[in-house]
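*Asks:* Once you've had a glance at the structure underneath, I'll fire off some questions.
Bear in mind these aren't lab numbers, they're just calculated from the coordinates by the rules spelled out. What you are looking at is a predicted structure, and each value in this text was computed from that prediction instead of being measured. No Cβ is skipped: glycine too gets one built from the backbone with ideal geometry, and neighbour counts run over all protein chains shown.
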Amino acid sequence: MRFLIIAANLCTDPYPVYPLGMSVIAAAAEQAGHTVRQFDLLANGRQSLEGTIAAFHPDAIGISIRNLDTVNSRNRGTAFLQTAFDTVALCRKLSQAPILLGGPGFSLLPEEILKHSGADYGITGEGETAVVRLLADLESGHPPEQRLIRGTPGPQSGALYPDDLLNAYCAETHILSLQTKRGCPFSCLYCSYPALEGHEIRERDPDDVAGELADLQRRAPDAMFYFVDAVFNDPERRYHTFLRRLRARNVRVAFAAFLSPFQLTEPDVELLSSSGMIAAELGIDASTDETLRGLGKNFTFEEARTAAELLRKHGIGVTTNVMFGGPGETMETVRRGIANLRSLEPAHTLVFSGIRILPGTPLCRIAEAEGKLPADWTGDQELYYFADGLDPEALHRTLTEGFRESRFCVYPPDAKNEELKLLHKFGYAKMRRMKIGGLSS
């Protein structure tokens, strides 16, 4: 079949992100024998979709939905789902091909989105096996009766990086996304990763990943690779095996990844740094011991501070994300939290006020038990958790004042987006090698 896959994401906050999910599904479909075309609304431009459909004549169209919104309570009303709905409507107008939806955003609200989208089918969760099966059913003339198909964990595919997308994102951000494993063993209250990928760590073949990295490095020598695993430094330290395999194959790339402060030791950081890590997004997420416990974290703030210092000691730039307002938050913990985050400088911290409530998360169940969910709430409307007794506007004023003089703590979190875009436009990895540094250094 001729299968057109569309990444229906126009979000550039804080900078454009390569549509990895689409490229993974493209690789799985092509390996199954289908002719695949990828189309990214950001890189290719919405205005050229009509011409693409007319020239390609797809037998099936897949649309990937990455985000529901920006999860920033101070910048609401981003209407990402409307972009997806408009894309479905345009495809329906231009083609008779069946339309299927997928992606992490879709998987959070599958019934609701499918009902309002006008699409024919939807795939939740991991899509490689499910989409290949669905395409085979459509090709045989025996489409499934059920419109919503639940993907099941199976063999993980690499990604198919077409030249036009690779060149566009290297020119814009110098960042290419890649995944080495799925699953998250932690139980943070707000997080959707376990619902999307499960708690069990499931690795890709390290030789497959190494080969993919070597090929991409040849095609994009100035790129920094972002390992988008839910947590790269898994507690069992399987990532050690992966990094040593890269070394054995003489594959050395500049990379960044999500790290947990949990049990992060100096030997761990030495291995990360010597293997090419130049930047880390350190998952601290709260600013005091009380609020860390409130989010289900398994480390203290002092342990997080030590982790940040270890990373910087070994030349790895550190960025953290911290949310104020979660369970256990009070104005007293807010004030202590501001001081704690200032003590992490020169690590950079993106500061959020309130926590986006996502369906299927423990935080959603807590909010429901506390009477914080409106009776007609379906999950697509932005709703943010604030602890009882915490006034959102008072919190906003306190955070604004507390971080006003800081060069490193960014509040609201989109306040320096243009600087981040400019940094990546020049190439973060290239600038680090030149010892110039920047927002994440």
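*Asks:* Quick one: helix 392-402 against the long Cα principal axis of the chain, what's the angle to the nearest 10°, folded into 0 to 90?
*Replies:* Here the helix axis deviates by roughly 60 degrees.
*Asks:* If you take every DSSP beta bridge whose two residues both sit in the chain, what share of them, in percent to the nearest 5, is antiparallel? Present the calculation step by step, with values, prior to reporting the outcome.
*Replies:* On the way: 4 of 49 bridges.
In the chain, DSSP labels about 10 percent of beta bridges as antiparallel.
*Asks:* List the aspartates and glutamates whose alpha-carbon lies under 13 Å from that of K297, not counting same-chain residues fewer than 8 positions away?
*Replies:* Partners found: D285, D289.
*Asks:* Alpha carbon centre of the range 29-88 versus the range 102-141: separation in Å?
*Replies:* Each part reduced to its Cα centre gives a spacing of 14 Å.
*Asks:* Also, I was wondering about something else. If you place +1 on the Cβ of every Lys and Arg and -1 on the Cβ of every Asp and Glu, how big does the dipole about the Cα centre of the chain come out, in debye to the nearest 20? Intermediate results must be reported in sequence, preceding the final value.
*Replies:* Values: 46 positive and 56 negative charges, 238 e Å.
Computed charge dipole of the chain: roughly 1140 debye.
*Asks:* Fully extended, how many nm does the chain gain between R365 and N250 (0.36 nm per residue separation, minus their Cα-Cα distance)?
*Replies:* Numbers: separation 115, 0.36 × 115 = 41.40 nm, distance 4.74 nm.
Answer, rounded to one decimal: 36.7 nm.
*Asks:* For the chain, treating each Cα as an identical point scatterer without solvent, what Debye log10 I(q)/I(0) comes out at q = 0.09, 0.12 1/Å?
*Replies:* The calculated log intensity ratios at q = 0.09, 0.12 Å⁻¹ are -0.58, -1.06.
*Asks:* Next question, about the same structure. Of the candidates G198, G389, G283, which one comes out as most mobile in a Gaussian network treatment of the chain with C-alpha springs shorter than 10 Å?
*Replies:* The residue with the greatest mean-square fluctuation here is G389.
*Asks:* So, one more: Note the angle between two axes, namely the Cα long axis of helix 238-248 and the longest principal axis of the Cα atoms of the chain, as a number of degrees from 0 to 90, rounded to the nearest 10.
*Replies:* That helix lies at roughly 70 degrees to the long axis.
*Asks:* Hey, another quick one. Write down the percent of antiparallel bridges among all DSSP beta bridges whose residues are both part of the range 1-80, to the nearest 5. Before the final figure, lay out each step's value.
*Replies:* Values: 0 of 11 bridges.
Of the beta bridges lying entirely in the range 1-80, close to 0 percent run antiparallel.
*Asks:* Can I ask one more? Over what distance in Å are the Cα centres of the range 146-168 and the range 278-355 separated?
*Replies:* 33
*Asks:* Also, quick follow-up: I'd like the orientation of helix 301-313 relative to the chain: the angle between its Cα long axis and the longest Cα principal axis, in ° from 0 to 90, rounded to 10.
*Replies:* The helix 301-313 is inclined about 80 degrees to the chain.
*Asks:* Give me the net charge of E139's neighbourhood, meaning all other residues with Cβ under 15 Å from the Cβ of E139; Lys, Arg count +1, Asp, Glu -1. All intermediate terms of the calculation are to be shown ahead of the outcome.
*Replies:* Numbers: positive: R2, R133; negative: E30, D59, D120, D137.
Residues near E139 contribute -2 overall.
*Asks:* Counting DSSP beta bridges with both partners in the range 173-433, what percentage is antiparallel, nearest 5? Write out the running numbers ahead of the final one.
*Replies:* On the way: 4 of 29 bridges.
In the range 173-433, approximately 15 percent of DSSP beta bridges are antiparallel ones.
*Asks:* Take the chain, mark every one of the trypsin sites (Lys or Arg not before Pro) that falls in a DSSP loop and has at most 10 other Cβ within 10 Å, then report the longest stretch left between them, sites excluded.
*Replies:* Values: sites that count: R404, K435.
Maximal segment without exposed cleavage sites: 1-403.
*Asks:* On to the next question. Find which of Q31, S117, Q47 sits farthest along the positive direction of the dipole of the range 2-150, computed with +1 on the beta-carbon of Lys and Arg, -1 on that of Asp and Glu, about the Cα centre.
*Replies:* Q47
*Asks:* Distance in nm between label sites at D388 and D137, each 7 Å beyond Cα in the beta-carbon direction?
*Replies:* 4.6
*Asks:* Skipping prolines and chain starts, which residues have an amide H placed within reach, meaning under 5 Å, of the one on N9, given they are 5 or more residues away or on another chain?
*Replies:* Close amide H contacts, sequence-distant or interchain: L41, L42.
*Asks:* Below 18 Å, Cα to Cα, which aspartates and glutamates can K416 reach? Residues fewer than 8 away in the same chain don't count.
*Replies:* Output for K416: D13, E172, E281, E345, E401, E405.
*Asks:* Quick check: net charge around F258, other residues with Cβ under 9 Å of its Cβ, Lys/Arg +1 and Asp/Glu -1?
*Replies:* Details: positive: none; negative: D229, E281.
Value of the local net charge: -2.
*Asks:* Would you mind getting me the FRET efficiency between N298 and M331? Use the beta-carbon distance for r and R0 = 35 Å, nearest 0.05. Present the calculation step by step, with values, prior to reporting the outcome.
*Replies:* Numbers: r = 26 Å, r/R0 = 0.74.
The pair N298/M331 has a calculated efficiency of 0.85.
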